[in-house]
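Here is the structure we will look at.
Taken together, the values in this text are just the output of simple stated rules run on the coordinates, not laboratory data. Being a predicted model, the structure only gives us computed values, none of them experimental. Note that we place each Cβ from the backbone using ideal geometry, even for glycine, and neighbour counts take in every protein chain shown.
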Ligand code: C2E
Ligand code: CA
Ligand code: CA
Ligand code: CA
């Protein structure tokens, strides 16, 4: 009886009421965001070991009329639960492809790649491959400049569907990266079965480089494995010189993190790229 009362109390917990109405309000607002044109893409620069700009990751932002600029952590899960992630994800891809197509005409921008995050529900749509193809065709973007980031857990949740879709898109030239690499399953057998281009070492391993022996070993192992499998690597969330030095010393080829640049509006990224003086 006590635990029942506990549950009942929990149910009427005023703070939970607030949480529920906030979530309902969030969902209602989220439904309006696409038709109202409230989404933005911010771009976080990526660099090679020589410090050359190589491209960017597209990160979704929501310009909420009252709350201001909202980061995806606050709404992606709600969008995923409600299937709103499907049209939102399509908007992200359309916008990214339109950017790539525009960059093709600019000498300082034409060599840059653009990475786009793909959510589980979006990737499982039966027409996902066709949708990406339409975005590429409609924009005229070159497919090999587009990289789709998939997490390990997404890929492995239905590995046959993943392999089939990835091969179809790879045939068209689209590239794939494993996002948050090292945080998912420890079975690496799937790596050789997938048409992968890059691994993105998760920020959680990068954070304590040079301080945590086990993270040092994990990162060295990932770098060695990627080298053997002929995959490129991007280290995510590089914040300190110490982390960067460790990664350079161990042959990491790609870098992304606050040490170099934060995610920024498209115009700022384009100005940065122009300032690098082309390639
Ligand atoms: P993610 O794909 O792992 O993206 C990297 C996140 O790390 C970004 O957070 C980025 O701002 C942040 N970050 C980059 N460098 C550093 C650093 O040096 N230090 C720290 N502390 N953080 C750093 P953001 O933009 O808040 O995005 C969070 C997550 O939301 C992303 O994680 C991704 O899973 C998801 N997301 C973002 N955009 C999209 C999208 O268009 N579609 C989908 N499905 N998910 C998205
Ligand atoms: Ca990502
Ligand atoms: Ca990541
Ligand atoms: Ca992450």
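For the range 104-215, rounded, prolate or oblate, judged on the Cα gyration tensor with a ≥ b ≥ c (square roots of eigenvalues), a/c < 1.5 rounded, else prolate if a/b > b/c? Because a/c hits 1.5 or more and a/b fails to exceed b/c, the range 104-215 counts as oblate. Only residues of the range 30-63 count here: report those whose backbone N is under 19 Å from the spot 7 Å along Cα→Cβ of residue 111, or say none. Output list for this probe position: 45-57. For the chain, the longest principal axis of the alpha carbon atoms and the long axis of helix 14-33 meet at an angle near 50°. Between helix 213-228 and the chain there is an angle of about 60 degrees, using the helix long axis and the longest principal axis of the Cα atoms.
Over the chain, Cα pairs under 8 Å with separation of 6+ residues give a relative contact order of 18 percent. Against the main long axis of the alpha-carbon atoms of the chain, helix 159-172 sits at an angle near 50°. Sorting the segments 260-270, 111-121 by their residues' average number of neighbouring beta-carbon atoms within 10 angstrom, most packed first, yields 111-121, 260-270.
Across the range 175-226, C-alpha contacts under 8 Å between residues 6 or more apart give a mean separation that, scaled by the residue count, equals a relative contact order of 34 percent. Taking other Cβ atoms within 10 Å as a rough exposure proxy, 165, 200 sort from fewest to most as 165, 200.
Rounded to the nearest 500, the helix-only mean residue ellipticity at 222 nm of the chain stands at -14500 deg cm²/dmol, with each DSSP H run of n ≥ 4 adding -39,500 (n - 2.57).
Each of 103, 91 was scored by other Cβ atoms within 10 Å of its Cβ. Arranged with the fewest first, they read 91, 103.
For 240, 171, 192, 95, the sequence from fewest to most other C-beta atoms within 10 Å is 192, 171, 240, 95.
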